[in-house]
Amino acid sequence: MNKFIYLLLVLFTLSSCSNYQKAMKSDDVEFKTKVFTTQIEKKKYNKAIRLFEQYAGSYRGKPQAEAAFLNYAKALYATRQYITAAYQFESFASSYPKSADAEEAAFLAAECYSKVSPVFSLDQVDTDKALTKIQAFANKYPNSQYLPKANEIVKVLTDKLELKAFEIAKQYNTIGEFTRDYNAAIKALDNFVYNYPGSKYKEDALFYKYDAMYKLAMNSVPSKKQERLISTKSFYQSLVKFKADTKYLEQSNKMLEAVEKELKQYTN
């Protein structure tokens, strides 16, 4: 019995492969569509894609084209061809605006752009584009069932942009060690805190600003040193006010002691 079942499976597989090869060589659109649908159902997406691309141009506009084009886009998505999939999903949503699947296609198109968003250290053009696409989707479908998932994607993308912005601001402080341009670091860190007031990196940003102010003050020309030392001491209060038990407390206190020591020469 087991051998019989095995034989049937082999024959079915050979027949399936034979049908696929026949469809690839056939001019019969109906037959191609039937085999394409079978490949989709079997999750043989690469074969389905190759087959559909043979006749897609002549198929457009036909009644059965709607389902086929959506399946084609989903096959591209499943094979991680996200940019091409996004184009096809957008084309589907535009071509079939009254389709019951138009909303899903519009969401998947936006999601595809998020899939090509790179790691935070690289250029974030694709991340910005993904956020724009998701916002456009949310505007068009404000009550969509896909909004919770869209919001999750937005959070991941915005967190990435936030980390990118913080690392750039932090880098200015590092570069200041070599250039002695601490003002650039202070400005960059100020901008970061302004743009991301609720950031999980705010404690770090405040410390690095304090650090930049400290270095600027300690390396200042005599005519500007006192004023900058006072500003640094004042900003220390801002840091500990934000978080009294900051992880930078010990280091910050040592810097404060050095600042106060320098300030004594102006009071004596």
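The values are calculated or read from the model by the stated rules, or taken from the named source; none is laboratory data. Note that the coordinates shown come from a computational prediction; the quantities given were computed from them, not determined experimentally. Every residue, glycine among them, receives a Cβ derived from its backbone with ideal geometry; neighbour counts consider all protein chains shown. Surface accessibility is based on the protein's heavy atoms, side chains included, excluding ligands, DNA and RNA. Shrake-Rupley method; radii C 1.70, N 1.55, O 1.52, S 1.80 Å.
Residues are listed down the side, and each one gets a yes or a no for (1) farther than 30 Å from Asp128 by Cα; (2) exposed (fewer than 15 other Cβ atoms within 10 Å of the Cβ):
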{"site": "Ala165", "(1), (2)": "no, no"}
{"site": "Phe178", "(1), (2)": "yes, yes"}
{"site": "Ala188", "(1), (2)": "no, no"}
{"site": "Val193", "(1), (2)": "no, no"}
{"site": "Ser220", "(1), (2)": "yes, no"}
{"site": "Gln251", "(1), (2)": "yes, yes"}
{"site": "Glu257", "(1), (2)": "yes, yes"}
{"site": "Lys264", "(1), (2)": "yes, yes"}
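Of all residues in segment 100-129, exactly one satisfies the criterion of being free of Cβ contacts under 8 Å to residues at least 12 places away in the same chain, farther than 16 Å from Thr158 by Cβ and assigned to a helix (DSSP H, G or I), namely Ala102. Out of (1) surrounded by fewer than 17 Cβ atoms within 10 Å (Cβ to Cβ); (2) touching a Lys or Arg at 6+ places or on another chain (Cβ under 9 Å), the odd one out for Ser114 is which? The one condition Ser114 does not meet is (1). Take Val119 and decide whether it is open to solvent by 40 Å² or more (accessible area, probe 1.4 Å), under 17 Å from the mean Cα position of the chain (by Cα) and among the β-branched types (Val, Ile, Thr). Spelling it out, Val119 is indeed open to solvent by 40 Å² or more (accessible area, probe 1.4 Å), under 17 Å from the mean Cα position of the chain (by Cα) and among the β-branched types (Val, Ile, Thr). Is there any pair with a first residue in segment 148-168 that is closer than 24 Å to Ala188 by Cβ and a second that is acidic (Asp, Glu) and surrounded by 13 or more Cβ atoms within 10 Å (Cβ to Cβ) whose Cβ atoms are under 9 Å apart and which are 6 or more apart or on different chains, and what are they? Final answer for the pair search is Leu157/Asp128; Leu161/Asp128; Phe166/Asp204. Being closer than 20 Å to Glu30 by Cβ and outside any helix (DSSP H, G or I) is the requirement here; does Lys62 meet it? Taking the combined requirement at face value, the residue satisfies it. Within segment 40-49, not a single residue is over 19 Å from Lys133 (Cα atoms), over 30 Å from the mean Cα position of the chain (by Cα), open to solvent by less than 30 Å² (accessible area, probe 1.4 Å) and at pLDDT below 90. Asn173 meets all of the listed conditions (1) in contact (Cβ under 8 Å) with a residue 24 or more places away in the chain; (2) closer than 19 Å to Glu104 by Cα; (3) open to solvent by less than 60 Å² (accessible area, probe 1.4 Å) but one, namely (2).
Would a scan of segment 90-111 turn up a residue that is open to solvent by 60 Å² or more (accessible area, probe 1.4 Å), within 25 Å of Phe31 (Cα to Cα) and of a type outside the set (Lys, Arg)? Scanning segment 90-111, I find at least one residue that is open to solvent by 60 Å² or more (accessible area, probe 1.4 Å), within 25 Å of Phe31 (Cα to Cα) and of a type outside the set (Lys, Arg), so the answer is yes. With a requirement of 3 or more residues that are over 17 Å from Thr174 (Cα atoms), the helices (runs of 4 or more DSSP H) lying completely within segment 185-268 that satisfy it span 222-242, 249-267. Yes or no: Glu152 over 21 Å from the mean Cα position of the chain (by Cα) and of a type in the set (Asp, Glu)? Criteria not met by Glu152. Per the listing Ile134, Ile153, the residue uniquely touching a Ser or Thr at 6+ places or on another chain (Cβ under 6 Å), part of a helix (DSSP H, G or I) and buried (at least 19 other Cβ atoms within 10 Å of the Cβ) is Ile153. With respect to Lys241, determine if the residue is under 24 Å from Thr267 (Cα atoms), open to solvent by 30 Å² or more (accessible area, probe 1.4 Å), of a type in the set (Lys, Arg) and out of contact with any Leu (no Cβ under 8 Å at 6 or more places or on another chain). When the stated conditions are applied, Lys241 does not pass them.
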